[in-house]
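These notes concern the structure reproduced below.
The values are calculated or read from the model by the stated rules, or taken from the named source; none is laboratory data. Worth saying up front: this structure is predicted, and the values here are computed from it rather than measured. Quick reminder, even Gly has a Cβ in these numbers, built from the backbone with ideal geometry, and neighbours come from all protein chains shown.
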Amino acid sequence: MTISSEEDRRRALIDAIPQADESTPLAAQLAEDARRRITLSGQRFPAPEQTRVFTIANQKGGVGKTTTSVNLAAALATAGLQVLVIDNDPQGNASTALDIDHPSGTPSTYDVLINDAPMAEVVQRHEHIDNLHVVPSTIDLSGAEIELVSLVARENRLRNALAEYLRHRSRMGEPRLDYVFIDCPPSLGLLTVNAFVAAREVLIPIQTEYYALEGLSQLLNNIALIQAHLNPALHVSTIILTMYDGRTNLARQVVEEVREHFPGETLHATIPRSVRISEAPGHGQTVLTYDPGSTGALAYLEAAREICRRSHPRTPAGGAPHPTEGEAHE
């Protein structure tokens, strides 16, 4: 089947779905899910021109940071892209959600940062999602903040390790990574600083509830400091609204407020408050594998597609490419 005929078939199926409005919210949600399912089913997302490295950050806890990291990564990987998740949080929740073994002593982010272990010796492949690779975290990482203080180039250790790993993949003839997501602890210590220095883009999940923007100005100030002193390429490229419940006035007001302040960065796709999203990590899965047809899975697929379709990262003022991205082409 040609691309045009496939698009015509999708359009005909979407047109056949009955219209529903907010007077029947359940019917409206079911119709919207059906349209998204038809639109997104089996789609391959376009690869970026160069490796895009994201740090997922928010100093406020409980906003869906790790959930967003693993589900966006899974969505992009299931759409045919090469994706790496670096679990840079001592809690290891991203490793748990991706069903990656990470007991104490497992080669992990800790070994990369503290013991100079090559990232290639630490990366694990996801068992059920092709193209998804993971650098796990272990409880050993909880002491890394203190150990990093005395090390040379302590802020650049993750950046240098990632750059070498991208070169290693190129030397070995392995496919270039399209996306890297670094999951951080909810604090600004040396672990988070390493993530900011290693990345070019910051993705901020914002919960659509009370005090949604609490602490955001401090986070933006910290990003500006990193940009000024350690990584001029760093910028906030993406904001994603999580735990959205369109039935409440508060959630709609928060969405309007965030989009008013950050019109260019905020994704159109929103992530709903979802039982399926919450249940999935307890089964060692992302929502994409736990319930691929659910509203939550479709929302993350839609968000991932939107990220792919957005313009590529800006070149920093000096005109030089970010080291990890430039070296991806070697």
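Observations
- Hey, L158 in contact with a Gly (Cβ under 9 Å, 6 or more places away or on another chain), in a helix (DSSP H, G or I) and surrounded by 15 or more Cβ atoms within 10 Å (Cβ to Cβ) or not: no
- Screening the candidates V180, V197, V202, V193 for the property of being farther than 17 Å from Y300 by Cα, in a strand (DSSP E or B) and modelled with pLDDT of 90 or more yields one hit, V202.
- Taken together, L225, L288 contain a single residue that is part of a helix (DSSP H, G or I), buried (at least 20 other Cβ atoms within 10 Å of the Cβ) and not basic (K, R), which is L288.
- Across the range 256-282, the number of residues qualifying as in a loop (DSSP other than H, G, I, E, B) and basic (K, R) comes to 1.
- Number of positions in the range 94-143 that are of a type in the set (G, A, S) and either in contact with a Cys (Cβ under 8 Å, 6 or more places away or on another chain) or part of a loop (DSSP other than H, G, I, E, B) (or both): 5
- Condition check for D183: in contact (Cβ under 8 Å) with a residue 60 or more places away in the chain, closer than 30 Å to P272 by Cα and of a type outside the set (K, R): yes
- Extreme residue, surrounded by the fewest Cβ atoms within 10 Å (Cβ to Cβ), among residues of the range 75-105 that are closer than 22 Å to A280 by Cβ and free of Cβ contacts under 8 Å to residues at least 40 places away in the same chain: D101
- Those residues of the range 246-281 which are farther than 16 Å from L203 by Cβ, touching a strand residue (DSSP E or B) at 6+ places or on another chain (Cβ under 7 Å) and not basic (K, R), in sequence order: A251, V255, P272
- Residues being buried (at least 16 other Cβ atoms within 10 Å of the Cβ) and over 21 Å from A195 (Cβ atoms) - total across the range 123-144: 2
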